[in-house]
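The values are calculated or read from the model by the stated rules, or taken from the named source; none is laboratory data. Computed from a predicted model, the values in this text were never measured in an experiment. A quick note on method: Cβ atoms are made from the backbone with ideal geometry, for glycine too, and the neighbour counts reach across all protein chains shown. We work out accessible area using only protein heavy atoms, side chains counted, and drop any ligands, DNA or RNA first. Shrake-Rupley method; radii C 1.70, N 1.55, O 1.52, S 1.80 Å.
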Amino acid sequence: MENNIRAIALDVLIKIEQNQAYSNLQLNQALQKANVKDIDKGLLTSIVYGTIQRKNTIDFYLDQLLNKPIKKKDRWVLSLLRLSIFQMLYMDRVPDHAIIHEAAEIAKQRGHQGLAGLVNGILRKLQREGTAEMDKKAGAGSEKSALTYSMPQWLFERWSSQFGNEDAEKMAESNLLPSPVTARVNTMLTTRDEVLQKLKEEGVSAEEGELSPEGIIIKDGYLPGTEVYDKGFVTIQDESSMLVARVVAPLPGETILDACAAPGGKSTHMSEMMNGNGKVVSLDLHAHKIKLINKQAERLGLKNIEASVLDARNAGEKFDAASFDRVLVDAPCSGFGVIRKKPDLKWSKTEEDVLKLASIQKDILESASQMVKAGGTLVYSTCTVDQEENSEIAEWFLQNHPEFEWDSDFSEKMPENVKTFIIEGRSDLQIMPHYFNSDGFYIAAFRKKTTGGEKHA
């Protein structure tokens, strides 16, 4: 089966490479289409994500191992070599000789004997000589760090300038680790203790999370294949992401706007916190994503979510000003906080993308802020770590909106182990992936003043 897993992994990597497809979507499609056994899903995921995560380091070695470029029509062989080198250097489940043999067999089946010989020769050279001599050519400074942690040099340098070299290295290193599977318990239907017990009975090992009272961490087993998941007792969500609804702090009977809601994790969380009372209006730009929100709400048994297609920048065309008690802007972003889950992000995004996104984020926040009632709460969040999309946006917003101020209750809404990362005098939080082995996430909260303060023209 492991040889078949490698063949499936190769197909996924080829599609990602050729079609610029998202790794998580391609992998999920492959898992469903190939009917992969639960026991093999972890191996397939590790090979695909690991190969993408280490791409430029592997390519650095490949450039030195190859005597001449591979022909354009045989470019798929590069993906085969990459996944094989990843397994040889970074996994210890299968002996090198087995990896080399199976890679050569795949090359022969999909190509010809000459390609099989090429693959066999390159991998045997790596097995024989190792990487010590090649590593000496890795350069110094940020160039070496970029290869060590396998990330674009511009991005490492950007993180280093924003957070210092030590945090940049810790974050880069943590992004090479497997992402833990975490889930949120649907407290309208059950309790965390009951879910943990039911999962145990279904052969899934799980434990309490550390950032959310509704959070659980899956240690072993496939959660979506359980009855617990099918019955809507849990939602797969990162623990950092669970903090967002906690900051919004919706109350039963209130009207909430989730301005950029798909795929619905935060909308459903807020609905559960409201015990199904009141209303959560969930917007997204794309119709197919609205279907995802509705599907989530249906599985969880939530009736008070109204999802509709609308660009959040045009919210004023559909809703009256000051008509929502609380508004959440979980803005589109570079996604640099979720690299472990979407490793292709670090290779596909550019510094120019960050600048464009910051402009969009400001436009959405500008529009959504007008929907907040006096005394109401506005929360801004992203799944990135870039200051230009995060703290700088929050500071820009306050400077241009004197009718808003920091939410003074922000710190009280956070668990004790998170409070140490909140800067005194501010109501925002930057969680790095290496803090809690979670996604990188930014959250800022503002309160609309009941009197005084006029928006600048």
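Please state which of the following conditions Gly316 fails to meet, knowing it meets all the rest: (1) touching a strand residue (DSSP E or B) at 6+ places or on another chain (Cβ under 6 Å); (2) within 22 Å of Ile393 (Cα to Cα).
That leaves (1) as the condition not met.
Scan the stretch 295-305 and give yes if some residue there is modelled with pLDDT of 95 or more and under 23 Å from Gly375 (Cβ atoms), otherwise no.
Checking the stretch 295-305: at least one residue is modelled with pLDDT of 95 or more and under 23 Å from Gly375 (Cβ atoms).
Name the residue, out of Ile305, Ile364, that is open to solvent by less than 30 Å² (accessible area, probe 1.4 Å), touching a residue at least 60 places away in the same chain (Cβ under 8 Å) and not hydroxyl-bearing (Ser, Thr, Tyr).
Ile364
Only one of Phe336, Phe324 is modelled with pLDDT of 95 or more and over 21 Å from Ile256 (Cβ atoms). Can you tell me which?
Among Phe336, Phe324, only Phe336 is modelled with pLDDT of 95 or more and over 21 Å from Ile256 (Cβ atoms).
Which residue is farthest from Val247 (Cα to Cα), if the candidates are limited to the stretch 388-412 and must be within 23 Å of the chain's Cα centre (by Cα) and surrounded by fewer than 20 Cβ atoms within 10 Å (Cβ to Cβ)? Steps first, answer last, please.
Initial filter on the stretch 388-412 (within 23 Å of the chain's Cα centre (by Cα)): 388-394.
If we keep only those that are surrounded by fewer than 20 Cβ atoms within 10 Å (Cβ to Cβ) too, we end up with 388, 391-392.
Working: Glu388: 22, Ser391: 16, Glu392: 19 Å.
Selected residue: Glu388.
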